[in-house]
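The structure appears below as structure tokens.
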Amino acid sequence: MKTRFLLFALCFLSIVFNAQKKSILKPVVSKKSLDTLNYLKNFEVNKSEFIGKPFSYLLSKMNKIQPQTVWIVPNPIDNTMVEKSIFRFYDMNYTIMNEVKILISWENGMDYKTVSFNNKRNKFYFSDSEKKILRNQNCEKYFGV
């Protein structure tokens, strides 16, 4: 009898506190749901504003949503340098077919070992350590969604 009660209590608490629920997007400030695609299309239309400027400038303009994951693209000629990065705006568990992403080509390549280490350590989530590495990198090209 005690086992059944304990099992029932654990199930109830799990449901009440959403123990298995994962958030895909960070909460949005407004009450309207955010249309990620249209929001990021605005950045693509105004991409000339971000080219040649530090990546931190682009991040500061993204006040409604920030990249969730980052993927590196090594230089095909010199694989010790990272030439591009892909930023996804959804959780790792979101299906790839419907995702919204941007591809940024950097003016100066970054050391592959450093970027790869942070990427793997953070399991591809866009963390503060990546922001510190990328904030002063200038965007050479911006490829939108």
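The values are calculated or read from the model by the stated rules, or taken from the named source; none is laboratory data. For clarity, every value in this text was computed on a predicted model and none was experimentally measured. In this analysis, Cβ positions are derived from the backbone assuming ideal geometry, glycine residues included, and neighbour counts consider all displayed protein chains. All accessible areas refer to the heavy atoms of the entire protein, side chains included, with ligands and DNA or RNA removed. Shrake-Rupley method; radii C 1.70, N 1.55, O 1.52, S 1.80 Å.
Does I51 count as at pLDDT 85 or above and surrounded by 15 or more Cβ atoms within 10 Å (Cβ to Cβ)? Working first, answer last.
Working: at pLDDT 85 or above: yes; surrounded by 15 or more Cβ atoms within 10 Å (Cβ to Cβ): yes.
So I51 fits the description; yes.
What number of residues within the stretch 40-72 are assigned to a helix (DSSP H, G or I) and touching a Phe, Trp or Tyr at 6+ places or on another chain (Cβ under 9 Å)? Let's see the steps before the verdict.
Of the stretch 40-72, the ones assigned to a helix (DSSP H, G or I) are 40-45, 47-49, 55-61.
Now drop any that are not touching a Phe, Trp or Tyr at 6+ places or on another chain (Cβ under 9 Å), which leaves 40, 43-44, 47-49, 55, 57-58, 61.
Qualifying residue count for the region: 10.
Do the conditions hold for Y90, that is, is it surrounded by fewer than 16 Cβ atoms within 10 Å (Cβ to Cβ) and aromatic (F, W, Y)?
On the way: surrounded by fewer than 16 Cβ atoms within 10 Å (Cβ to Cβ): no; aromatic (F, W, Y): yes.
Judged against the criteria, Y90 is not a match.
Checking the conditions here, which among N18, N63 is surrounded by fewer than 13 Cβ atoms within 10 Å (Cβ to Cβ) and at pLDDT 85 or above? Write out each step before concluding.
On the way: N18 fails: at pLDDT 85 or above.
Exactly one of N18, N63 is surrounded by fewer than 13 Cβ atoms within 10 Å (Cβ to Cβ) and at pLDDT 85 or above, namely N63.
Looking only at the stretch 121-140, filter to residues that are of a type outside the set (A, V, I, L, M, F, W, C), touching an Asp or Glu at 6+ places or on another chain (Cβ under 9 Å) and under 13 Å from K53 (Cβ atoms); which one of those is most open to solvent (accessible area, probe 1.4 Å)?
Here the residue is E140.
Would you point out the residue of the stretch 108-136, among those that are touching a Ser or Thr at 6+ places or on another chain (Cβ under 6 Å) and not in a loop (DSSP other than H, G, I, E, B), that is modelled with the lowest pLDDT?
Taking the candidates together, the pick is N118.
Would you mind finding the one in I102, I96, I86, I77 that is at pLDDT 80 or above, on the phi < 0 side of the Ramachandran plot and more than 11 Å from the chain's Cα centre (by Cα)? Write out each step before concluding.
Numbers: I102 fails: more than 11 Å from the chain's Cα centre (by Cα); I96 fails: at pLDDT 80 or above; I86 fails: more than 11 Å from the chain's Cα centre (by Cα).
Going through I102, I96, I86, I77 in turn, the sole match is I77.
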